[in-house]
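Okay, so here's the structure we're looking at.
The values are calculated or read from the model by the stated rules, or taken from the named source; none is laboratory data. Only a predicted model underlies this, so the values are computations on that prediction, with no experimental measurement involved. Note: ideal-geometry Cβ built from the backbone for every residue, glycine included; neighbour counts use all protein chains shown.
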Amino acid sequence: MSISVKVTGLNSLFKTLDKKEKNIDDVDKILKNGAFRIERDAKIKAPVDSGTLRASINTQRIKKLKWKVADGVNYGIWNEIGTRFIVGKHFLQKAAIKNAKWIKTQIANSYK
């Protein structure tokens, strides 16, 4: 299970700025740092029974400018969104929302 954070406005940002490889690499580095911040916060907020869910949360690079934070257990989705028997903890969603503003700010600051 994974949560997507969509940073909007990057296309217009790249159109107005010089499309140098360095600029794209800088943004990818910011997205990497943001993804690891999301991972850290999700691990802090994840419910713990045996610790397997928390330990399974990881970050991986899909391609340039695309990073994924997900858990690696089959029951993670039920802890995230809940069922009719348990209330969802929304640990990945909360971590993503918490760090989305930081990611956008860092990208904007890198072009000042």
Mind listing whichever residues of the stretch 59-89 are in contact with a Pro (Cβ under 9 Å, 6 or more places away or on another chain) and among the small types (Gly, Ala, Ser)?
none
Looking at the stretch 57-112, which of the residues that are among the β-branched types (Val, Ile, Thr) and closer than 13 Å to ASN33 by Cα is modelled with the lowest pLDDT?
ILE107
Members of the stretch 28-82 that are over 25 Å from SER110 (Cβ atoms), surrounded by 13 or more Cβ atoms within 10 Å (Cβ to Cβ) and among the β-branched types (Val, Ile, Thr)
THR52, ILE57, VAL73, ILE77, ILE81
Among the candidates SER4, SER12, residue that is of a type in the set (Ser, Thr, Tyr), at pLDDT below 70 and either assigned to a helix (DSSP H, G or I) or surrounded by 16 or more Cβ atoms within 10 Å (Cβ to Cβ) (or both):
SER12
Filtering the stretch 69-104 for residues that are over 12 Å from ALA42 (Cβ atoms) and either basic (Lys, Arg) or within 14 Å of the chain's Cα centre (by Cα) (or both) leaves a count of 6
